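**Q** Let me give you the structure first, and then I'll get to my questions.
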Amino acid sequence: MYRVPPLYLKRWLKHFLADEWADPAIGATMSDMASAHALGDLTWTDVQDSPRIVLIPVGSLEQHGPHLPLDTDTRIATAIAEHVCELREDLVVGPAVAIGASGEHAGFDGTLSIGTDALTTVLVELARSADAFTGVVFVNGHGGNRDALLAARAILRLEARTVVAWSPSIPGGDAHAGRSETSILLAIDPECVRTDKLEAGATAPLGELLEDLQNGGVKSVSENGVLGDPTSATAEHGNELFLGLIADLALTIDKVFPQ
């Protein structure tokens, strides 16, 4: 079980565990919570008058099995960013980069991808345009984006820009559209999960699948696009994972941008 860092426990009790959220399946309430930190709702003078750190969700539009929407990674990254903003007044969420590097999911209808090089360029130019902010935090929701994020961060740091590239880590979690991702969506946006379509995919350890994945993509190891087994997913498990990811990102931001 993920242990809540003591620094954030009191804040979580205030923000996430209030009486109206006593039910552990709090996804609907959390997903409906309006963000007071949306960059698009501000004016340019709001930004000028109050220095802020901008969080940019980076997702994908790719298959997530027969039961999860194509924009699963974007939904999760955006939800994490929005909820982390509840912990600090100087955070704001920008629009998501909703199409990423998803070449490994080619062969499944609906998947769109701009590739690593194009995504790297997009991220670099976004951060270069953000000089009005104290710094930029890319909140990644898709593993295939990591090479682009690392390359963009390296370029931007050479330019003396303060940039964080954060990706979620779930020890013991399955790789794609399995119990972990499905549980998180059951927690934060349950209506988008097609529970009548839940079915296991390739359940072998990722290490055993890696060579085939690299050579032939997900389609070569899983006909339904799932790497894992979503049939045991629950909102309760999703809430635990989701709060753990919020804590991890919040700690990362505090290390780079101390209050």
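**Q** For Leu251 and Ala132, what is the calculated FRET efficiency with R₀ set at 25 Å and r taken between the beta-carbons, to the nearest 0.05?
**A** 0.45
**Q** Where the convex hull is taken over the Cα atoms of the stretch 124-241, what is its projected area averaged over directions, in nm²?
**A** Quarter of the Cα hull surface area: 9.3 nm².
**Q** OK, next. Work out how much length Leu210 to Arg194 would gain on full extension: take 0.36 nm times their residue separation and subtract the Cα-Cα distance, in nm to one decimal.
**A** This chain segment gains 3.0 nm when fully extended.
**Q** Would you list Asp73, Asp41 from fewest to most Cβ contacts within 10 Å?
**A** By the 10 Å Cβ count, ascending, the order reads Asp41, Asp73.
**Q** Taking only DSSP H segments of four or more residues, each worth -39500 (n - 2.57), what value at 222 nm results for the chain once the sum is divided by all its residues, to the nearest 500 deg cm²/dmol?
**A** So the helix-based figure for the chain works out to -12500 deg cm²/dmol.
**Q** Related question: Tell me which of Val226, Ala154, Pro66 sits at the most positive position along the dipole axis of the chain, charges placed on C-beta atoms (Lys, Arg +1; Asp, Glu -1).
**A** My answer, from the dipole projection, is Ala154.
**Q** Moving on. Considering the Cα trace of the stretch 106-156, what is its radius of gyration and what is Dmax, both in angstroms?
**A** 12.4, 41
**Q** OK, next. Can you sort Asp49, Asp109, Asp248, Asp147 by how many other beta carbons sit within 10 Å, fewest first?
**A** Asp109, Asp49, Asp147, Asp248
**Q** Also, I was wondering about something else. Taking every pair of alpha-carbon atoms in the chain, give the share separated by more than 27 Å as a whole percent.
**A** 37 percent
Bear in mind that the values in this text are calculations on the coordinates, not laboratory data. These numbers were taken from a predicted model, which means no experiment stands behind them. Heads up, the Cβs are rebuilt from the backbone with ideal geometry, glycines too, and the neighbour counts pull from every protein chain shown.
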